[in-house]
Structures are given as structure tokens and as C-alpha cells.
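All remarks here apply to the structure that follows.
The values are calculated or read from the model by the stated rules, or taken from the named source; none is laboratory data. Fair warning: this is a prediction, and the values are worked out from it, not measured in the lab. Quick reminder, even Gly has a Cβ in these numbers, built from the backbone with ideal geometry, and neighbours come from all protein chains shown.
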Amino acid sequence: MGAGVELRSAVVTDRAARDTNEDSAWAADGLYVVADGMGGHEAGEVASRVAIESVSVLAGAEPTLDDAGDVLREAHRRVRDLPAGGDRRPGTTLTGVVVTSRDGEPCWLVLNVGDSRTYRMVGGVLEQLTRDHSEVAELVAEGLLAVEDAAFHPRRHVVTRVLGGGSPSVEPDLWLFPVSQGDRMVVCSDGLTDVLTDARIQAVLRVRTDVRDAAERLVREALAAGAQDNVTVVVVDALAVTRTGVTDAAGR
């Protein structure tokens, strides 16, 4: 059985105050992901590009959770094999969604490694779907740091999980949930969330109904707010959903 979703998407990126843009993105064929590279010199740019190239095999493939996990672990291996560009080994975050199906039900498959973010907006309310893999996020989760202090913590950019880097393995966050008509997914690097609050991102998304207009506006506002890091934003709207699966009385 098949399932279909009519989508509209846009991606906008800017190097902001940096000399180069170490972000990479893919926004086509049911795959919408952003990678934010790190490693010094050009290593971060290469790491994010290699990660995106690796996960591009998920586009149009309707992968399972196991499929996506295998692809991300292969991406981790490929980034780890890159030569170091400085004192640090190349690494990259990666987050986003891929459209798949389960029992004829179209689903978003969310994937995340690192502190770039994936959001969902429904009915004008924005929700962060991913959990930041960072020292500060862990401190907040453990009740050792107040949420309002996290944005100013000196170690807020220290990530605890990446593709590549020094770890021999990686365990990505992966999960599925149904696509609903009207879903708006937003995938971004931390260059956006460093300078814009979730409330401001939500406000922009509410008034900018066109996906490209919304993505461009978010990047412009980040730059106006003094973004020091590369800023990349992908906006995806689910315009229509076709369900062909047969469910029982329990909805399975």
C-alpha cells in the first residue's frame, strides 16, 4: 500500500559573520535536513556536505526506522574518515525529517544528532521536536540550570553527540509520527536559534504563509539580530495528505 503527501518547501542559508558557510542542507523529494559542520578550516564545510550526501539516499525511499539508523551510522563513519582540518576532528550535526509510510499512513520520520533543531507548527503553535545533544541541554534536563539561563551559558555550544568527531559510534534520535494536513516543519542550524527565541520564530511563521517568504524572513531577522554563526532554515508545508492504509477499530 502507498501513501502520499503534497509538500511545498524552501531552504535559505547565509554565512552571516563567518568567512565560510559550514552549513549544508537538502530540501527535496521528501527529505528535509540541515547539517552544521565543525572542525576548523574547511573541515566543517566538508563534514556537513558529506553527511548530507550520505543521507540523500533516504530521499523518496520511504525508509524504516532501522533504515534511517543504518544510513546515519554510515554517515558517521564517512565523516570520521575525513582528514582533520585543524586541532579538532571534523564533525557535524544533522537534523530534519524524511517522509515515509507505515501501513499506508504517511509519516514524518524525524532524525537528529547534535544541537541543530527540528520544529513542528500546528494551529499556529510551534513545538521543538528534537532534543539538543549539548552540555547545556543536559544540565537543564537534570535541573541543574534554569531554562532562562541556558542561552547565556559559556558552554552552550558544546555538543555531546555528532556525526564524526572523536566518538567511534553514534546513536541518533529517531521516531515516527503521522503527517497531518497543515503541518509546518522547520529545520534549522543553531545560527537561527542562538539569536531568535522560539516565540519570535513562531510569530514569523504565523504571518508568513509562503514557505520561501517564511524562510527568508527568519534568516533576515537572525542577521538583523546579530547572528555570528551560519544560519540555515528549511520550511516545509504539508498541503494535502492521502491515506490508503486499512485500520482496525483500534486505529492500528
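Kindly indicate whether ALA35 is in contact with a Leu (Cβ under 6 Å, 6 or more places away or on another chain) and within 17 Å of LEU163 (Cα to Cα). So ALA35 fits the description; yes. Taking the options ALA61, ALA10, name whichever one is farther than 19 Å from LEU109 by Cβ, among the small types (Gly, Ala, Ser), in contact with a helix residue (DSSP H, G or I) (Cβ under 8 Å, 6 or more places away or on another chain) and surrounded by 17 or more Cβ atoms within 10 Å (Cβ to Cβ). Among ALA61, ALA10, only ALA10 is farther than 19 Å from LEU109 by Cβ, among the small types (Gly, Ala, Ser), in contact with a helix residue (DSSP H, G or I) (Cβ under 8 Å, 6 or more places away or on another chain) and surrounded by 17 or more Cβ atoms within 10 Å (Cβ to Cβ). Report whether or not GLY143 is modelled with pLDDT of 95 or more and out of contact with any Pro (no Cβ under 8 Å at 6 or more places or on another chain). The answer is no for GLY143. With the condition kept exactly as written, say whether any residue in the stretch 109-130 is farther than 15 Å from VAL33 by Cβ, of a type in the set (Asp, Glu) and touching a Gly at 6+ places or on another chain (Cβ under 8 Å). Within the stretch 109-130, not a single residue is farther than 15 Å from VAL33 by Cβ, of a type in the set (Asp, Glu) and touching a Gly at 6+ places or on another chain (Cβ under 8 Å). Every condition in (1) out of contact with any Asp or Glu (no Cβ under 7 Å at 6 or more places or on another chain); (2) more than 30 Å from GLY69 (Cβ to Cβ); (3) in contact (Cβ under 8 Å) with a residue 40 or more places away in the chain is met by ALA225 except one, and the failing one is (3). Of the strands (runs of 3 or more DSSP E) lying entirely inside the stretch 26-135, those containing at least 3 residues that are over 15 Å from VAL235 (Cα atoms) span 31-38, 94-102, 105-113.
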